[in-house]
Structures are given as C-alpha cells and as structure tokens.
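First up is the structure itself, then whatever we jot down about it.
The values are calculated or read from the model by the stated rules, or taken from the named source; none is laboratory data. A quick note: this is a predicted structure, and the numbers were derived from the prediction, not measured. Don't worry about glycine lacking a Cβ; one is built from the backbone with ideal geometry, like all the others, and counts go over all protein chains shown.
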C-alpha cells in the first residue's frame, strides 16, 4: 500500500519518527459527499491534537460524487482517548455528512466464522489466525454441522453447533445473533456456510458479514456454480468474496481471483481446483476488511491497498 | 500439445522419421458416440494406406457420451489424395456415425475478418498474418465503416465497405454471404464487429464464425460490458472468444482471459485495458481453430492444445 | 488430463466399462530411447492379460530422443498380481532399455514431511491429507525444531524431533534415512525445511524428494530469496517446487507460480504473500508426483496432467 | 491510480472543478532525502500561484531513506509559464536536494524506437500511437535492418537505417545520438533491438531508454533466453521492461509479466508465446514512463499507477 503524508504530518514529524511513535494508533475511515476542505478539516483536527498522520489515502468517485478517505495516525502519549476523539470529531463529521469510524488499532477485530461441511476456508483462516498472518480474535465458530468441532477445539476456539431446519431457521438465527452481541463480533465470515441468511439478519450485518462465493460473480449465481461453469464450458473458474446482502450473491464485491481449466476437468475436479482459489480470495478480503481498507460505495467497494 | 503415437504408427515408422516424411500432411478430426474400436478403425485405415500418425489426441466425454479425436498424419509420396481418403473413410465414418473432416494442411485456411470502428483486433490479426504467426489466407476484410480501408490496403487485403442500416441489413448480409462463397471462406472472424448477425446467417456460419466478446462470459452479455463491469464493481475484467450462435453471446466458448483492475479504473480505462486481453484471446482462438484443434461438443468446445 | 484410449483397449472394452471395472488398478510409467513399437509392445502386453487401458499419455522429446509414457489400466478380477506383471514386463523393459515402474493404485504413496519453523506448507499438506484432497499416507513428520509437534499430534502423525548441528548433521541424516526405510517412504517432502541435505542423501533420494523453494527459480537461488527479490525490485514474486538434487536449487522443476507485487511491498510482506504461492505450488507438485504424473527427463520434468 | 487531494487544493477548489479547469496542466515529479515539510513546501508553492492539485501520490522508502512524489496540477489561465515555475521552484528544490522535473502535459513525449528483425513490439507500439492508446510523438524509428522500412513509412514515421558492424558501431551510435538530439527525443525504446549499446551511450541515456528483455529477469540474462528457459525446464516464461544500464540486463525493472507453458512447448513455440507478453509489458512500461509515473530509486523503480 502506498505510504502517503500530508502537509500537517510533515509539519510536525517525519513519518519514520511517527512510525516509532510510542502513542496509541488509530485508523479513521470516512465517506461523504465530495466537496471542498474535507482533507484539510481532518488534518487540522489531528494536528491540533498533535496526532501524527502515518499514511493516508483518498479517492473521489466522479460517478457517485462521494469522497472516501482512510487515514492512519498516532496520538501522543497522554493524548486524547478514543472517546474524546469520537466526541470531538463528530462535529466535523456532521458538517460534512460523513459516514465515519475511528478504529483503535490496539483492539483486534473480533471474528465469528460460520461454516458447514466444507472446511478448507475455515482451516485456512484458523491457520492464518494462529500464525499471526491474520491479526484478529476469533471468539466463536458456528456451524450447522458437527464436522469441525475437533478442529475448532484444537485451535481452542469455542464451537457452537446450530443445526438449521426450515422450522428452526429463525430461532437459530436468533441464537446466532445472541453470539454476535455477546462476543461483540466485528465481522461475520461465511466460510462456505451453506445456509442463506434471512433478509432481516442480512440487514443487521450489512457491511460486516463477508461471504465467499465459489464462482466468478456475477457469473453462476446460486447453487452448484462449479457445475454451472462446467455446463457452460468456461475456460477459467473463479471465486468472489463479497459483503452479504439481502439479494443473494449480489453484495458488494471485495476480491476475486481465477484459475485456468480445460474441457477435461470435470465438476468434481473443478470443486477441488476452486478450493485453493476460495482460500486465498476469502483470506485477502478478511485481511483488507479487518485492516479497515474496504469502504462501501453503494453496491461497490473502495479497497485501499 | 502432447505428442502421441499409436501402435500402428509405431509398427511402421518412428515419429521422428515421420516428422521428416516428404509426403502430404493431413489432419483428421472427428466426433461420434463413444464406443469400442474407434481409434483402432482409424489407425487401421491409415496403416493400410501407409499413412504415418504424427500425433493423436483423444477425449471421451462421460457427460455427452461423445468421443473426440484429432489425428495428424502424413501420406506416402504418390499415396492417396484427399478425395480418395474422403471417399474411403466415409464408410468408417457412417459406421460410427461420425462428424468428421480430413484437412489437407497444405491448404491454408481462408479467413474473412469483419470489423467496425475498433481496429485493435484487426491490426493484431493482420500483423500475425503478415509475420506468419498466423499461417492463413485473408482474402477479404468487411466493415460497416470506412475507418480501416487504408490499413487493409497497406496489408494488401481487399476491403469491402458494407454499411448496415436496419433497412439494408439483410441485403448487406446477402452480399457478405456472396463474399464468403466467392472467396471460399473457411472461417469468419468478428473482430469487434458491432452488428448482430441474423439468426439465419448465424446458422449458415455455425462452427465457422468466431466472435470476440469484450467480457468474461457469461457475465455482462450484450452491450457496453465494460460499463456493466464497472457498475458491478468486479475486480477482474476479461474477454471471451466464442463461436457465433443465434442466441447472442451464448455460443460455445473457445478461449478466455482476465486482467486485474481496481475501483479507480473508470469505464474508459477498462476499455483500454480490455483491448490487450481481446487481442490475445481472439488470436489464440483463431489459431486453435485454424489448426483444427477445436471440436464442438454441444454448447461447449473440446480444445486439443 | 486428456483421456486417451488405444486400439487394444477399444478392442476389448469401452473405457466407460473399464472405469467401472472391479479389478485392481495399476499405473505404468516408463521412459526409454524413442524407437518403433513401444506403445504397441505395452498395449499388446496388457491386452494379452485382459488388462484395460483406462487412459494413456505419451510424449517424445526430440531433444533428448527419449520417449515417455504413462498408462493407467485395470486388471481383470483374479488376473495377474503386481509381482507377475513386474516379472513378465521386465522382458519388454529390457528390450527397450526402459526405466519403468508399475504402481498399484490400491497402495497409497507414503510421505515423510520435513519441516523447520515455517509451518504453512506443513499445515496445508496435512489439511489436504485429512480431507482426502491428497490421497496419501503420512507416517512421519521430521523437524529440526519442536514448533509443530502439537500440530502433528492433532493430525495423529508421528513427529520426530531431529535437531541438527554441524556436528550432528550426518548422524541425524542417518536417523532420517532409518525412518525412510522403516516407514517405507515413497516421497520425502521438504516443506520449508531449512537444512541442506548432504550430497549423499540427495543421491539416495533422487527423484523421490520434493523441495519448495520460495522464489521463481532460477532467480534468487539460496538464502532469503524474498529479500533478494526486494533488492532487485522485481514486479512479480514466485515459488518453485523441484526435485532435490546435490546442486542446491538446481533440481528438475515440477511446478511454479507467481504473484504481482509493487515497490511498496517490503521484504516481510513479500514473505507473507509468498506463503500462499508456496502452499499451492508444493501441493500441486506433491499431487502430480503421487499420481505418478511426473517423469524425469534429465534435468527437466515431463508432467502428464 | 488513486485520486488524492491535499489540504491546499481543498482550500481553493474541489477537484472536480479542478478537473474542468481551463488552465495548462503540469506534472511535478521529485525525489529527495526524506525529511519534514516536503509536501507542505510543494503544496504551498502551488497554492501561492493558484495552482490546483488534481492528484498527488507520495512514497517514502525506509530502505533508501528517499522520498518520492508525483503531483499533477493545473495552473490558472494567464498564470505562470513553465519557465517561471522552473525558476521559482528551483529554490525549494535545492533546499531539499531534490531531483525534480516539471512536465508540461501539453508537450507530448517524443519517442525514438530502435528495432532489428523482430517487429512485433514495433508494430504494437505504432498501433497504440496511431489509435491514441499511447499519447506520444514518434519522430524517428532507427534500425540496423531494412525489414520495417515500409511499416514505418505506412505509419508515416521517418525510418533511419543504421547498419551496425563491430567497426561501425561507435560511428553509428554517434549518428543515433545526433537523431536523439535533433529530434529532441525524450525516450528511446529498444523494441527488440538486437545490438548492445556502448557503456557511454547507456550513461547518456540513463533513465530515458527502456529495453524489453524477453525473459523474466533476473533469470536468463543475455542471449536466447527462451532457449535457456527451455533447457532449464521452467513452467512459466516471462518478459521484463527495464531501463537500459551499462551492465547488460541489470537496469531498474519497470514491468514484468509471465505466461504458463509445459514440457511440450519447444523453444520456437516459447518465442511465439513470448511475443504477446513482450508487447504488453513494453507497452505498459512506455505508458507509465511517458505519463511520468516511473521514478528511479537506485537500482529499482517507484511506479505510481
């Protein structure tokens, strides 16, 4: 990701100094109607509090007329806490009609992983979590099958078995929601979870639930995409990580990848080839999200890498 | 492509000898219901005529129950001519209900290129043609615009300007068909030709007209795919070469390729990025086809590379 | 992989019948000087024993003048056992000076995994092993560090801790070799094993030890390849799976893959990006090898996919 | 490329206004030791002259301790001309020990293309030039062979035939340099030019001569890289665009790309596959350079895309 500086950071300290600054780190993300003075207002706000901008990225979307910004900064020791920053920034935010958050980087993002009977993405995420490749907390794994109880146990992550039937669906979603609230979940990851979430739950989780779809969307929506791909005779197959939305497989796309196949690769082999693509694509999307690099832009995403 | 030999070729001559065999070369392509003895019958037919199998590829599709074969062989000097081979092979062909052709490799495939106002694919194909990268004849270029008359003239390829209006469409297609017949065209290449062919013409050209679609089909059918891709916010864009069919953009896919993009790439830049993908994908598809490597398998293709 | 049939298989049974044949399955791999009648001799040998060729691939290398073949076949119930096949085929083999093996597909390949302090490849292989993505036995994991004892234990694979110092190196290699012999190891996988094997051990393991090198060989041989790549400023980084040879990082290449990076990606991030490439490349190479798809061609490989 | 704004641009006008600003456009590129206040100084300099920052990218390299910046801005109508900007900016530049240039975007970059007997890159560049895909001037093509005189003539670009022998080499380089000076060449493109430039000429052209090397550097330096790649048995081949340096094939890398191959692809086919990679890689590098997106960082490049 590009390292950027602004006048004000330069005025105070060089970035290398900032890098080694002992103070707490924060990441401010915002989007608002594009207009004059946004970056100035933000930079001034930070400078007045002796906060150092470590890097900053901006993007103005001519289409939507929206402006997006991600700024990583460090506060001085004994400087403002997040509550103060939130309180004081809200004035600027309301002036520019911003959708915004200030994230304390000391607080790891808390993930809940949903899975069913295909465990490759679960295993991949747990390994990255275990080895620090993914710097998050995983306080809960929820599945409608018992298959991965032992895997969860070995990684010492609480495993919740919530079987789902048409009758119990909403009631189990209620339990799921309870876990989300009790565990203060920041992000729900559908790691090949084979149940469709209710529109209501989708709305509640908007922008904080990522699904891996085993096709190169918008191709092959819905069930058995690899079989659809085989039937259509495509020469490349892919996977797509997107935010969950009430419209199935229509949520904002975060990341995609593809792999070449030919006429000799049957549906089962496509599934096997696809697993590796799904692992990488989902892991990237979760990393981007938990580093606050993904901003929603209507039905699309801005990904500051 | 894998080099393969069969018993019978081995019985007669080693492949390296065969390689340097002075006799005429042929390529037999066939598809038929999968059953016992197909390869044996073919190999026997060739052996009895002292024909050397240079390489051979087979594929049995469990789904369609069809068997596909491509065999390249050389006939002895003073051996059977194509007419005799055709006549004598037809007996075997009918026994196995084969769709088949014996191609004389000395006869270059004859291409007609259709184009409109985007000339990158035309230029790319003409360059490969000129430098032998594409070993074909191009006796005609047809366009509904005059833009590339000079380019065609410089490459010394006859240029036919056939303007198309809703009123003149069928009449111009009649002229196009006349050229196809007069010039004994083997393959019609739609190099960003911005007119939809009539269902009738599509049927007449079935399996011998290749279109380059500027999207990763089946995503973004129809018009302005790059704008559709931009609106959907996909992270990879692609191009697809497929046989023309009466159902727009539904024909059998021959080749596809993709390229990574991000949120900052606007529709116009997507178009520019796409050009390079379109060039490569169309060039590959035309090469595969003119080397008789592509066999139709219902709505799909078998590509023996 | 292409499905191929030969006359003789066709003479006996159609491949679909062969597919469902209840008899034992074997895979014959061979290489020998290219000459007349190899495939015929093999096919005749099998036909005389009512063995069904399920698929077959051949390749003749004009450079080395060597011929390579991989034929998968099923023997009839109550037909010849492997010992008889071996005994009777040896006559043909010696006639053609073949390097050859007949593999009983019922016998899973036995892997020994060597690792050190980077466990991503180990974890990836164990997961594929556990879920059947990799159809092998893993009777032993050997490491010069204790880090992955628990991971091995959870997967219920015996873990051997063999610390290595300049003094103990050969003695520990002797123990390693003991394990190879006791466990009848077919393939040794160096999954980021950070010790160089002695020339003597390399020779003993020739063609049955696969190493994953974390660079796009032949670039960046030796230590810290990602740092070398960073210093050189390459725009793509890669990984290479190759057979171990006495010349470090010079063994025959089995598989390679790359990923795009830019000037902002530091050495540590390159290492992280590289992990995903290493996992996929090593897993592919191990799969190809254990399916007997990889044949040695001097310093290169023939991979029948 | 990310659109970025700074405080000062925000203070004056919104970027969309800036976009449609009627004044002349400039691009400032600079590199200097990383320290406090660089961006501030630049932004202040521009603001004092009512110049609008349209977009801006920065990168601080922890390794080299150098800071890199590219800022695109528009001056007001009747505002400062380039000479004034240059004169007045030099004070800041010297204070920060900057290597810098202010480019007037109205002045197209002037290219001299060097080629020999392989014309695919030449043809590709000329086509992009003709169709505006590459917004440059090409006042001269120089070749040590006559092969592409007609191609040059058709594109109406002066063609200079400078045959090179060991005896005439330096004398011909003198003529080449004459053309560079007479035609005020900004960038020399070695489009498969098969002559090694003398160290002296390399120094003179440092940072303004781009070569396409037909391998994935640093692999396979020097002659016949595709044959080297074939001999080594790599599974991916590539191409590299780099600045020319006195050390052959050691110059800073601008762009690279690869394509998959297998054991059946012989040296000649590798050459053919490579052509498409070379076209795309060289075209990207030339585009980045002529848009002033490439900055030298010792033996490496910073590419602001």
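Rundown of residues vs (1) farther than 30 Å from residue D:263 by Cα; (2) under 23 Å from the mean Cα position of the chain (by Cα), yes/no style:
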site: C:32; (1), (2): no, yes
site: C:46; (1), (2): no, no
site: C:49; (1), (2): yes, no
site: C:60; (1), (2): no, yes
site: C:65; (1), (2): no, no
site: C:69; (1), (2): no, yes
site: C:76; (1), (2): yes, no
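Could you look through segment C:38-57, keep only residues that are surrounded by fewer than 19 Cβ atoms within 10 Å (Cβ to Cβ) and in a loop (DSSP other than H, G, I, E, B), and pick out the one that is nearest to the other protein chains (Cβ to nearest Cβ)?
This residue is C:50.
Going by the conditions given, is residue A:54 under 23 Å from residue A:108 (Cβ atoms) and at pLDDT 85 or above?
no
For residue A:154, are the conditions met, namely being in contact (Cβ under 8 Å) with a residue 24 or more places away in the chain and out of contact with any strand residue (DSSP E or B) (no Cβ under 7 Å at 6 or more places or on another chain)?
no
Checking residue B:188 against (1) surrounded by 18 or more Cβ atoms within 10 Å (Cβ to Cβ); (2) in a helix (DSSP H, G or I), which single condition isn't satisfied?
For residue B:188, the exception is condition (2).
Regarding segment B:148-162, can at least one residue be identified that is touching a helix residue (DSSP H, G or I) at 6+ places or on another chain (Cβ under 9 Å), crowded, with 18+ Cβ neighbours inside 10 Å and in a helix (DSSP H, G or I)?
Yes, segment B:148-162 contains at least one residue that is touching a helix residue (DSSP H, G or I) at 6+ places or on another chain (Cβ under 9 Å), crowded, with 18+ Cβ neighbours inside 10 Å and in a helix (DSSP H, G or I).
Go through (1) touching a residue at least 12 places away in the same chain (Cβ under 8 Å); (2) under 24 Å from residue D:182 (Cβ atoms); (3) surrounded by 15 or more Cβ atoms within 10 Å (Cβ to Cβ); (4) within 14 Å of chain B (Cβ to nearest Cβ) one by one and return the number of the condition residue D:144 breaks.
(4)
Considering only residues of segment D:243-264 that are at the interface with chain C (Cβ under 9 Å from one of its Cβ atoms), without any contact (Cβ under 8 Å) to a residue 40 or more places away in the chain and out of contact with any helix residue (DSSP H, G or I) (no Cβ under 8 Å at 6 or more places or on another chain), which is farthest from residue C:66 (Cα to Cα)?
Checking each candidate, the answer is D:260.
Determine, yes or no, whether residue A:193 is surrounded by 15 or more Cβ atoms within 10 Å (Cβ to Cβ) and either out of contact with any strand residue (DSSP E or B) (no Cβ under 8 Å at 6 or more places or on another chain) or more than 22 Å from residue A:112 (Cβ to Cβ) (or both).
Criteria not met by residue A:193.
Suppose we keep only residues that are assigned to a loop (DSSP other than H, G, I, E, B) and more than 11 Å from residue A:29 (Cα to Cα) within segment A:287-304. Which one would you say is farthest from the other protein chains (Cβ to nearest Cβ)?
A:298
Can you find even one residue in segment A:86-100 that is modelled with pLDDT of 95 or more and either under 24 Å from residue A:176 (Cα atoms) or part of a strand (DSSP E or B) (or both)?
Within segment A:86-100, one or more residues are modelled with pLDDT of 95 or more and either under 24 Å from residue A:176 (Cα atoms) or part of a strand (DSSP E or B) (or both).
Residue by residue through segment A:58-76, note down the ones that are out of contact with any helix residue (DSSP H, G or I) (no Cβ under 9 Å at 6 or more places or on another chain) and either assigned by TED's automatic domain parsing to the domain that holds residue A:299 or surrounded by fewer than 23 Cβ atoms within 10 Å (Cβ to Cβ) (or both).
Within segment A:58-76, A:61, A:64, A:66, A:76 meet the criteria.
Which of the residues spanning segment C:69-109 are closer than 15 Å to residue C:41 by Cβ and within 14 Å of another protein chain (Cβ to nearest Cβ)?
C:69, C:71, C:92, C:95, C:96
Please go through segment A:103-131 and give me each residue that is over 24 Å from residue C:154 (Cβ atoms) and buried (at least 17 other Cβ atoms within 10 Å of the Cβ), ordered by number.
A:103, A:109, A:110 - these are the residues of segment A:103-131 that are over 24 Å from residue C:154 (Cβ atoms) and buried (at least 17 other Cβ atoms within 10 Å of the Cβ).
Is it the case, given these coordinates, that residue A:240 is within 10 Å of chain B (Cβ to nearest Cβ) and in contact with a helix residue (DSSP H, G or I) (Cβ under 9 Å, 6 or more places away or on another chain)?
Considered against the rule, which asks whether it is within 10 Å of chain B (Cβ to nearest Cβ) and in contact with a helix residue (DSSP H, G or I) (Cβ under 9 Å, 6 or more places away or on another chain), residue A:240 comes out as yes.
Report, by residue number, each residue of segment C:101-119 that is part of a strand (DSSP E or B), closer than 30 Å to residue A:131 by Cβ and either free of Cβ contacts under 8 Å to residues at least 24 places away in the same chain or in contact with a helix residue (DSSP H, G or I) (Cβ under 9 Å, 6 or more places away or on another chain) (or both).
C:111, C:112, C:113, C:114, C:115
Looking at residue A:134 and the list (1) under 20 Å from residue A:240 (Cα atoms); (2) crowded, with 22+ Cβ neighbours inside 10 Å; (3) within 14 Å of chain C (Cβ to nearest Cβ), which single condition is not satisfied?
Residue A:134 satisfies all of (1) under 20 Å from residue A:240 (Cα atoms); (2) crowded, with 22+ Cβ neighbours inside 10 Å; (3) within 14 Å of chain C (Cβ to nearest Cβ) except (2).
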